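Step one of this worksheet: look at the structure below.
The values are calculated or read from the model by the stated rules, or taken from the named source; none is laboratory data. Because the structure is a prediction, the values reported are computed rather than measured. Methodologically, a virtual Cβ is constructed for each residue, glycine included, from the backbone with ideal geometry; neighbour enumeration extends over all protein chains shown.
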Amino acid sequence: MATATLQGASAPIPIPKIICVGRNYAEHAKEMKADVPTTPVLFLKPPTAVIHNHDRVIIPSVSKELHHEVELIVLIAKGGKNISRARAMEHIAGYGVGLDMTLRDLQSDAKKKGLPWSVAKGFDTSAPISEFVPAASVADPHRLTVELTVNGYARQKGSTSDFIFKLDHLLSAISEIFTLEQGDIIFTGTPEGVAQTVAGDTLLARLLDASGKPLVSIMAHVDQA
């Protein structure tokens, strides 16, 4: 089973499921020519999508257009159903940075046909994740920065202060639909700047605190199947 690493924890934490939030930044919704949502847009990735630092993202042969999406990711400490917004933050174990790798050509085709995004979003190696910094060490998770460079050049940068749906709202809404379990990971949405990445690229995603200090990072290398 795929696992997550929480700084200070005695052992890796198994990941039961990965829940992703779409269009949680207004500017990203605009660049995708999509409406800004009024309720969270949710989809899933399987745990088999997870890779770790310096692992390879493999572009499946069925696709010719892989895109990067850098995101704040949240590790769940304790599970729950119908969690209230007032208690939601108590369920967070830590914060990290992840890449929601997307087969954009397959996703676009699925959208046109009204079909699911499972292949485009959930393929093996589509979820590079960093280790997680403990939630208690982050003063305000809505004042964090996620950034991505590709081959050393800046591609994406966004602040969690620009979330459409804050974390308490997300966890409460998600738990109405999916029972949260210890070890679940939530991808919280990507800022604008998503773009194609190709075999041979090296991606470096970082999570920074309010002062600009790096907290965690993940490097992934892109290869073709």
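Just checking, does region 142-160 include any residue being among the aromatic types (Phe, Trp, Tyr) and more than 17 Å from the chain's Cα centre (by Cα)?
Scanning region 142-160, I find at least one residue that is among the aromatic types (Phe, Trp, Tyr) and more than 17 Å from the chain's Cα centre (by Cα), so the answer is yes.
Take the residues in region 164-181 that are within 16 Å of the chain's Cα centre (by Cα) and either among the charged types (D, E, K, R) or assigned to a loop (DSSP other than H, G, I, E, B) (or both); name whichever of them is surrounded by the most Cβ atoms within 10 Å (Cβ to Cβ).
Top of the filtered list is Phe165.
If you check Asp209, Asp184, which single one turns out to be acidic (Asp, Glu), under 21 Å from Leu42 (Cβ atoms) and buried (at least 18 other Cβ atoms within 10 Å of the Cβ)?
Testing whether each residue is acidic (Asp, Glu), under 21 Å from Leu42 (Cβ atoms) and buried (at least 18 other Cβ atoms within 10 Å of the Cβ) leaves just Asp184.
Go through region 69-121 and report how many residues are of a type in the set (Val, Ile, Thr), under 20 Å from the mean Cα position of the chain (by Cα) and over 15 Å from Glu131 (Cα atoms).
Qualifying residue count, region 69-121: 2.
Cβ-Cβ under 6 Å, sequence separation 6+ or interchain: first residue in region 196-207 and farther than 19 Å from Ser61 by Cα and of a type in the set (Ser, Thr, Tyr), partner at pLDDT 95 or above and surrounded by 14 or more Cβ atoms within 10 Å (Cβ to Cβ). Which pairs?
What qualifies is Thr202/His221.
Which pairs turn up if I take residues in region 118-146 that are in contact (Cβ under 8 Å) with a residue 24 or more places away in the chain and look for partners that are of a type in the set (Lys, Arg) with beta carbon separation below 7 Å, at least 6 apart in sequence or on another chain?
Short answer, once both residue conditions are applied: Lys121/Lys45; Gly122/Lys45; Thr125/Arg56; Ser126/Lys45; Ala127/Lys45; His142/Lys166; Thr145/Lys157.
Tell me which residues, restricted to region 138-183, are polar (S, T, N, Q) and out of contact with any strand residue (DSSP E or B) (no Cβ under 8 Å at 6 or more places or on another chain).
Ser161, Ser172, listed by residue number.
Applying the selection to region 1-13, what residues are among the aliphatic types (A, V, I, L, M) and modelled with pLDDT of 95 or more?
Ala2, Ala4, Leu6, Ala9, Ala11, Ile13
Could you tell me whether region 83-91 includes any residue that is basic (Lys, Arg) and free of Cβ contacts under 8 Å to residues at least 40 places away in the same chain?
yes
Which condition breaks for Pro134 when tested against (1) touching a helix residue (DSSP H, G or I) at 6+ places or on another chain (Cβ under 7 Å); (2) farther than 16 Å from Val21 by Cα?
All conditions pass for Pro134, except number (1).
When you check Ile58 against the structure, is it assigned to a strand (DSSP E or B), touching a residue at least 60 places away in the same chain (Cβ under 8 Å), in contact with a Ser or Thr (Cβ under 8 Å, 6 or more places away or on another chain) and not basic (Lys, Arg), yes or no?
Taking the combined requirement at face value, the residue satisfies it.
Please specify each residue of region 169-192 satisfying the condition of being more than 18 Å from Ala127 (Cα to Cα) and either free of Cβ contacts under 8 Å to residues at least 60 places away in the same chain or among the hydrophobic types (A, V, I, L, M, F, W, C) (or both).
Within region 169-192, Leu170, Leu171, Ala173, Ile174, Ile177, Phe178, Leu180 meet the criteria.
Quick check on region 148-163. Is at least one of its residues surrounded by 18 or more Cβ atoms within 10 Å (Cβ to Cβ), modelled with pLDDT of 95 or more, basic (Lys, Arg) and part of a helix (DSSP H, G or I)?
No.
Being buried (at least 19 other Cβ atoms within 10 Å of the Cβ) and not in a loop (DSSP other than H, G, I, E, B) is the filter; apply it to region 14-36 and report the residue that is modelled with the lowest pLDDT.
The selected residue is Ala29.
Restricting to region 103-147, give me the number of residues that are outside any helix (DSSP H, G or I) and either crowded, with 17+ Cβ neighbours inside 10 Å or among the small types (Gly, Ala, Ser) (or both).
Residues in region 103-147 being outside any helix (DSSP H, G or I) and either crowded, with 17+ Cβ neighbours inside 10 Å or among the small types (Gly, Ala, Ser) (or both): 19 in total.
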